[in-house]
Amino acid sequence: MKQEKKINGINVDQLFSTIELIKEKPEIAQFKFCATNRWIDGTHNRATIKSFYGACQEDDTRDPIVFEIDEPPVLCGNNLGANPVEYLLAALSGCLTTSLIAHSAALGVKIKGVKSRFEGDLDLRGFLGISEEVPVGYKNIRVFFSIDADVSESKKEELLLMAQKYSPVYNSITKPIAVSVELDSNWIEM
């Protein structure tokens, strides 16, 4: 029985066989991720993630994952969860880190530890409709990574560039994508 090769907790043999399978059957690479959201009260709402479509099939095998979303009291909330722009930073942190770890494993680079810090600047005058000149979203986001690995600083910089290149969340927020928002006249059951 063949011992599976793991680097950074990633089964590298499985990773490369998945890549080869997708090269043979590109339709396997098509995924659709979904979330539902229900308003609770005030600025509090609850997002749930359960199923997704991928590898040519629907997958609803995991338990629901629930995200409490709220604002701090200074923004009329009750601190019952992170606010949406904080979740955006958390999503970016997870995606860049996952991309960094998986691609490092594929290159055979063993990572001992990764820590990161994410900061975003937002001017509420845009959100509150006070100024048309102020962007509604983040004006900028700064990301800081510390990587513990037995490689040079230039190799760590290369790994960070690779993480950016292959991170779906990073690319979704740094490049324009189509987002449609529509009224659904049927009540959505959750």
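The values are calculated or read from the model by the stated rules, or taken from the named source; none is laboratory data. Since we're looking at a predicted model, the values are computed, not measured. Cβ placement follows ideal geometry from the backbone for every residue including glycine, while neighbour counts extend to all protein chains displayed. Keep in mind that these areas ignore ligands, DNA and RNA; they rest on the heavy atoms of the full protein, side chains included. Shrake-Rupley method; radii C 1.70, N 1.55, O 1.52, S 1.80 Å.
Can you name the condition, by its number, that residue 148 falls short on among (1) open to solvent by less than 70 Å² (accessible area, probe 1.4 Å); (2) in contact with a strand residue (DSSP E or B) (Cβ under 9 Å, 6 or more places away or on another chain); (3) of a type outside the set (A, V, I, L, M)?
(1)
For the list (1) in contact (Cβ under 8 Å) with a residue 40 or more places away in the chain; (2) closer than 20 Å to residue 7 by Cβ, I need the number of the one condition that residue 156 fails.
Among (1) in contact (Cβ under 8 Å) with a residue 40 or more places away in the chain; (2) closer than 20 Å to residue 7 by Cβ, residue 156 violates only (1).
So, residue 108, is that one over 18 Å from the mean Cα position of the chain (by Cα), modelled with pLDDT of 95 or more, among the small types (Gly, Ala, Ser) and surrounded by fewer than 11 Cβ atoms within 10 Å (Cβ to Cβ) or not? Full working, then the answer.
On the way: over 18 Å from the mean Cα position of the chain (by Cα): yes; modelled with pLDDT of 95 or more: yes; among the small types (Gly, Ala, Ser): yes; surrounded by fewer than 11 Cβ atoms within 10 Å (Cβ to Cβ): yes.
Here the answer is yes, as residue 108 does meet what is asked.
Please enumerate the residues belonging to the range 1-33 that are more than 20 Å from residue 105 (Cβ to Cβ), open to solvent by 60 Å² or more (accessible area, probe 1.4 Å) and of a type outside the set (Phe, Trp, Tyr).
Of everything in the range 1-33, those that are more than 20 Å from residue 105 (Cβ to Cβ), open to solvent by 60 Å² or more (accessible area, probe 1.4 Å) and of a type outside the set (Phe, Trp, Tyr) turn out to be 1, 24, 25, 26, 27, 30, 32.
Can you tell me which residue in the range 160-177 is most open to solvent (accessible area, probe 1.4 Å), limited to those that are part of a helix (DSSP H, G or I) and of a type outside the set (A, V, I, L, M)? Lay out the reasoning, then the answer.
Going residue by residue through the range 160-177, those that are part of a helix (DSSP H, G or I) are 160-166, 168-174.
Okay, now just the ones that are also of a type outside the set (A, V, I, L, M), so 164-166, 168, 170-172, 174.
Numbers: 164: 61, 165: 135, 166: 105, 168: 84, 170: 64, 171: 33, 172: 53, 174: 72 Å².
Here the residue is 165.
Could you list all residues from the range 1-42 that are of a type in the set (S, T, N, Q), modelled with pLDDT of 95 or more and assigned to a loop (DSSP other than H, G, I, E, B)?
8, 30 - these are the residues of the range 1-42 that are of a type in the set (S, T, N, Q), modelled with pLDDT of 95 or more and assigned to a loop (DSSP other than H, G, I, E, B).
Could you please tell me which pairs satisfy a Cβ distance under 8 Å, a separation of 6+ or placement on different chains, a first residue in the range 132-148 that is of a type in the set (Ser, Thr, Tyr), and a second residue that is assigned to a strand (DSSP E or B)?
138/120; 138/121; 146/113; 146/114; 146/115; 146/116
With 121, 148 as the choices, which residue is among the acidic types (Asp, Glu) and within 15 Å of residue 85 (Cα to Cα)?
Values: 148 fails: within 15 Å of residue 85 (Cα to Cα).
Matching residue, one of 121, 148: 121.
For the range 99-148, name all the residues that are acidic (Asp, Glu) and out of contact with any helix residue (DSSP H, G or I) (no Cβ under 9 Å at 6 or more places or on another chain). Can you show your working first?
Here is the first cut: in the range 99-148, the ones acidic (Asp, Glu) are 119, 121, 123, 132-133, 148.
Passing the criteria: 121, 123, 148.
Given the criterion among the acidic types (Asp, Glu) and out of contact with any Ser or Thr (no Cβ under 6 Å at 6 or more places or on another chain), identify the matching residue among 63, 70.
Working: 70 fails: out of contact with any Ser or Thr (no Cβ under 6 Å at 6 or more places or on another chain).
One residue alone meets the criteria, 63.
Are there any pairs, at least 6 apart or on different chains, whose C-beta atoms fall under 6 Å, with the first in the range 1-28 and free of Cβ contacts under 8 Å to residues at least 12 places away in the same chain and the second open to solvent by 90 Å² or more (accessible area, probe 1.4 Å), and if so, which?
11/4; 13/4; 13/5
May I ask you to say which residue of 99, 116 is surrounded by 15 or more Cβ atoms within 10 Å (Cβ to Cβ), under 30 Å from residue 21 (Cα atoms) and among the hydroxyl-bearing types (Ser, Thr, Tyr)?
Details: 116 fails: under 30 Å from residue 21 (Cα atoms).
Selected residue: 99, the only one of 99, 116 that is surrounded by 15 or more Cβ atoms within 10 Å (Cβ to Cβ), under 30 Å from residue 21 (Cα atoms) and among the hydroxyl-bearing types (Ser, Thr, Tyr).
Residues that are at pLDDT 95 or above, within 16 Å of the chain's Cα centre (by Cα) and among the hydroxyl-bearing types (Ser, Thr, Tyr): find the strands (runs of 3 or more DSSP E) completely inside the range 44-105 holding 1 or more of those.
Values: elements: 44-49, 52-54, 57-59, 65-69.
In the range 44-105, 44-49 are the strands (runs of 3 or more DSSP E) which contain 1 or more residues that are at pLDDT 95 or above, within 16 Å of the chain's Cα centre (by Cα) and among the hydroxyl-bearing types (Ser, Thr, Tyr).
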